[in-house]
1. Which residues, taken from the stretch 109-142, are touching a residue at least 40 places away in the same chain (Cβ under 8 Å), assigned to a loop (DSSP other than H, G, I, E, B) and either under 18 Å from residue 91 (Cβ atoms) or out of contact with any helix residue (DSSP H, G or I) (no Cβ under 8 Å at 6 or more places or on another chain) (or both)?
2. Any chance you could count how many residues in the stretch 44-63 are farther than 18 Å from residue 135 by Cα, within 16 Å of the chain's Cα centre (by Cα) and crowded, with 16+ Cβ neighbours inside 10 Å?
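The values are calculated or read from the model by the stated rules, or taken from the named source; none is laboratory data. Computed from a predicted model, the values in this text were never measured in an experiment. Cβ placement follows ideal geometry from the backbone for every residue including glycine, while neighbour counts extend to all protein chains displayed.
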């Protein structure tokens with residue numbers, strides 16, 4: 001019997017549904033401005049938008065295997081249990097070649113909040129989007 005089965009016998013009897021992927025949904029002040037930043041500066045492509053016509057209220061974007069969704073500010077950031085946009089959350093993206101990506105994004109005008117540096121034996125840097133969300137790019141864990 002392996003360790004996982006000994007530690008969690010209930011899971012063998014009641015297998016849980018598999019989770020496939022996490023896609024962050026960020027509330028933003030302006031979807032149009034934020035989409036522009038993700039497309040023009042970060043190189044993301046638009047996957048979907050809703051509604052199809054008029055001012056978008058929800059969009060999905062991706063670059064490679066990394067996906068993100070943006071939505072209008074629903075006004076929930078003023079609720080006492082919800083932090084301000086971007087506070088306490090870092091989107092951490094693992095990449096194969098971090099230094100060329102740093103050069104690409106900075107040449108396009110990325111908002112750099114942490115220059116390229118060594119951390120935990122890996123090279124990484126961090127940027128912010130126009131809403132204050134921090135995105136860290138790091139070499140993959142080995």
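1. Passing the criteria: 110, 129, 130, 131, 132, 133, 140, 141.
2. In the first step, residues of the stretch 44-63 are kept if they are farther than 18 Å from residue 135 by Cα; the result is 46-59.
From what's left, within 16 Å of the chain's Cα centre (by Cα): 46-47, 58-59.
If we keep only those that are crowded, with 16+ Cβ neighbours inside 10 Å too, we end up with 59.
Of the residues in the stretch 44-63, 1 are farther than 18 Å from residue 135 by Cα, within 16 Å of the chain's Cα centre (by Cα) and crowded, with 16+ Cβ neighbours inside 10 Å.
Quick grid of which residues meet (1) modelled with pLDDT of 95 or more; (2) surrounded by 15 or more Cβ atoms within 10 Å (Cβ to Cβ); (3) under 16 Å from the mean Cα position of the chain (by Cα):
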| residue | (1), (2), (3) |
| --- | --- |
| 99 | yes, no, no |
| 104 | yes, no, no |
| 110 | yes, yes, yes |
| 116 | yes, yes, no |
| 133 | no, yes, yes |
